[in-house]
1. Based on other C-beta atoms within 10 Å, arrange 128, 25, 93 from fewest to most.
2. Suppose each label sits 7 Å from its Cα in the direction of the beta carbon; what would the residue 198-residue 128 distance come out to in nanometres?
3. Longer than 22 Å from Cα to Cα, which of 39/111; 33/203; 39/122 are they? Say none if no pair is.
4. For a quick check: sort 150, 141, 45 by the number of other beta carbons within 10 angstrom, fewest at the front.
5. Counting other beta carbons within 10 Å of each Cβ, put 153, 175, 99 in order, fewest first.
6. Roughly how many debye, to the nearest 20, is the charge dipole of the range 109-215 about its Cα centre, given +1 on each Lys and Arg Cβ, -1 on each Asp and Glu Cβ, and no other charges?
7. For the range 83-91, what does the Karplus curve 6.51 cos²θ - 1.76 cosθ + 1.60, with θ = phi - 60°, yield as ³J(HN,Hα) per residue in whole Hz, taken in order and with x for Gly and Pro?
Amino acid sequence: MVAILALIIITVFGYWYLMLGKTIDNVTNEVVKGNEGTKSLVVYFTRAGVIETDTDIDAITSASLNRNRGNTEIAAKMIQKETGADMYQIYTDRYYRTSFMGTAATAWIEKTLNLRPKLANKLDSLDDYDVIYVGYPIWWFNAPMAIGTFLESYDLRGKTIVPFCTSQDNNIDISMEYINNICKDATVLKGLTVNQVKEEKIKQWLNEIGLLENK
């Protein structure tokens with residue numbers, strides 16, 4: 001039985017490795033600056049940034065994306081506008097497959113095996129920030145595992161984590177539990193599920209959690 005289980009795990013892991021795309025080059029850890037002196041950072045991961053073309057969809061749950069950027073990036077930029085925060089995009093070190101099914105298969109294996117994809121760009125630290133907004137599409141009912149990689153890379157003690165996700169079919173609940181489990185020494189505020197990216201909804205949410213800068 002143990003040998004069979006080991007064979008299954010090796011087979012699944014091997015398939016995951018083969019499904020990975022080419023290495024992502026020319027990615028920097030550039031931070032888009034917000035208001036001077038800000039202590040907030042908007043971090044986001046979007047499928048549009050980690051496939052070789054910007055077509056298809058941003059979430060495995062059928063959420064349509066803006067073909068140039070992706071819904072998660074659009075939401076992140078709205079949050080930056082309303083809070084004056086700095087902004088930073090997460091990239092994995094390899095592309096996901098361009099096809100929907102290719103991305104879905106890779107994401108499922110990462111989730112099932114609780115893998116942590118390597119990131120192509122990491123900030124040296126988050127010491128300059130007190131509040132960190134974390135944005136992502138919903139993949140297989142949860143945050144992409146790259147979010148786990150990012151959050152586990154830093155000391156988040158005493159920081160405030162503010163999740164937001166984009167999805168047409170699922171809410172943020174499972175990913176909130178996932179993030180809470182990782183960020184046990186941080187304060188995790190009420191997250192937001194974005195079905196349609198609307199500035200008014202984002203402003204309302206920021207106001208509810210007491211983080212709306214430009215009232």
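1. By the 10 Å Cβ count, ascending, the order reads 25, 128, 93.
2. Using points 7 Å along Cα→Cβ, the separation is 3.5 nm.
3. 39/111
4. 141, 150, 45
5. 99, 153, 175
6. Result for the range 109-215 is approximately 160 debye, rounded to the nearest 20.
7. 10, x, 6, 6, 9, 8, 9, 7, 10
Read-outs: derived from the displayed coordinates by stated rules, not from any lab. Note that the structure is predicted; figures quoted are calculated from it, not measured. Quick reminder, even Gly has a Cβ in these numbers, built from the backbone with ideal geometry, and neighbours come from all protein chains shown.
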